[in-house]
1. I need a count of the residues in the stretch 323-348 that are touching a residue at least 60 places away in the same chain (Cβ under 8 Å) and outside any helix (DSSP H, G or I).
2. Only one of (1) more than 30 Å from residue 337 (Cα to Cα); (2) modelled with pLDDT of 95 or more; (3) not polar (S, T, N, Q) fails for residue 113. Which number is that?
3. Would you confirm, using the coordinates I've provided, whether residue 283 is under 20 Å from residue 20 (Cα atoms), surrounded by fewer than 17 Cβ atoms within 10 Å (Cβ to Cβ), modelled with pLDDT of 95 or more and not hydrophobic (A, V, I, L, M, F, W, C)?
4. If you go through the stretch 303-322 one residue at a time, do you hit one that is open to solvent by 10 Å² or more (accessible area, probe 1.4 Å), part of a helix (DSSP H, G or I) and within 25 Å of residue 19 (Cβ to Cβ)?
5. If a residue must be free of Cβ contacts under 8 Å to residues at least 12 places away in the same chain and either touching a Pro at 6+ places or on another chain (Cβ under 6 Å) or not in a loop (DSSP other than H, G, I, E, B) (or both), how many such residues does the stretch 66-92 contain?
6. For the stretch 69-91, which positions are open to solvent by 20 Å² or more (accessible area, probe 1.4 Å) and either in contact with a helix residue (DSSP H, G or I) (Cβ under 6 Å, 6 or more places away or on another chain) or over 16 Å from residue 54 (Cα atoms) (or both)?
7. Being outside any helix (DSSP H, G or I), over 21 Å from residue 348 (Cβ atoms) and in contact with a Pro (Cβ under 9 Å, 6 or more places away or on another chain) is the filter here; which residues of the stretch 93-145 pass it?
8. For a quick check of your reading of the model, give me the residue pairs whose first member lies in the stretch 296-321 and is under 21 Å from residue 280 (Cβ atoms), whose second is at pLDDT 95 or above and of a type in the set (Asp, Glu), with beta-carbon atoms closer than 7 Å and at least 6 apart or on different chains.
Amino acid sequence: MAPEAVMVSYRLGGADGVAVEARKWEWALHELGYRVRRVAGEFDDGLRPDDTWLPFLAIDPAEGATPDPGALAASLAGARLVVVENLCSLPINPEASTLTADVLARHVGAVVFHHHDLPWQRAGLTAPDGIPPHRPNSLHVTVNDYSRLQLERRGFGAVTIRNSFDLDPPRGDRAATRATLGFADDDIVLLQPARAIPRKNVPAAIEFATEVAALETRAVRLWITGPAEDGYDIVFARLLAEAEIPVTVGRAPSSADAYAAAELVVYPSTWEGFGNPVIESITHRRPIAVGSYPVLDELRAFGVELLSIEEPEQACQWLREPRPEVLEENVNRVRPHCSITDLPTRLERVLAQAGWDAP
């Protein structure tokens, strides 16, 4: 029987960055010969037969979700490899983070802490003692060099495996998606593919779209996929009510449909652990106007050409005179760093460096 790997997180199966990348790692582990199970506080894609649902691990546990270290330990029993997806990285449910670290301290087997964010990178967030954990027979993997260097300065050995992408994804259904969302054929659709939370900087997206609308003769529509989370509902509703341009909120059937339906992607985030939409916009051959966050410098270092939310005139010039050759060159520059086809090999290499035999 194939050896077992268990993926553990607050929430799996959804469209947030952690869940998206966990799904790719699950595929890569299957490719390496593991049988993979999931343990989480929430499953946005529904429960599979071999999932273990532990509500006390959720980001915001329901009342009565009593922490149960025995249940978590039982769910990990027998696993050759445990992959912890951000649960012991970003303590947004500190009790769940600490409980998981304590259980893993007694677990027999290899553990990968897959860090998408770290506690000191979020304003106002204080990490409990032991988060991230110093644990023998463990590997710390970050999604960027920025976090890896921060971990190393704190006494952790760490390696970087950047997020991975299908660089030639299937095309989405542009016409059907636009029709469903009420966009006219000649509307300029600016897509912000993000949940509505403070660090996604929705006000900057609205301002940018308003500036583009002032420079264009065609109607401009801002589309934010949403939804509002982390208590941002009231602020988000006010921003929408005060916006001088039409703003649509809602998800497309798939990310491919979303990118196909848009003329340009808007990504003004102030902080991202990686920023998947930057690379996704490139893979879907869409120009993107970005703000500034630390890890973005690492993506720019690939040599890709990105637009700026500070220069709406530049974006309008692109809309009037598209440059498909630049979009293709962006894909070529990303390919050596972020191709999903290379993920199993990258993962196998770092597991081997940790002294762990492949299945």
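1. Here the count works out to 1.
2. (1) is the only condition that residue 113 fails.
3. no
4. Looking through the stretch 303-322, none of the residues is open to solvent by 10 Å² or more (accessible area, probe 1.4 Å), part of a helix (DSSP H, G or I) and within 25 Å of residue 19 (Cβ to Cβ).
5. 2
6. 69, 73, 78, 80
7. Of everything in the stretch 93-145, those that are outside any helix (DSSP H, G or I), over 21 Å from residue 348 (Cβ atoms) and in contact with a Pro (Cβ under 9 Å, 6 or more places away or on another chain) turn out to be 93, 118, 125, 126, 127, 128, 131, 132.
8. Note: pairs meeting the criteria are 298/145; 319/263.
The values are calculated or read from the model by the stated rules, or taken from the named source; none is laboratory data. The structure displayed is predicted, hence computed values, not measured ones. No Cβ is skipped: glycine too gets one built from the backbone with ideal geometry, and neighbour counts run over all protein chains shown. For accessibility, only protein heavy atoms count, side chains too; no ligands or nucleic acids. Shrake-Rupley method; radii C 1.70, N 1.55, O 1.52, S 1.80 Å.
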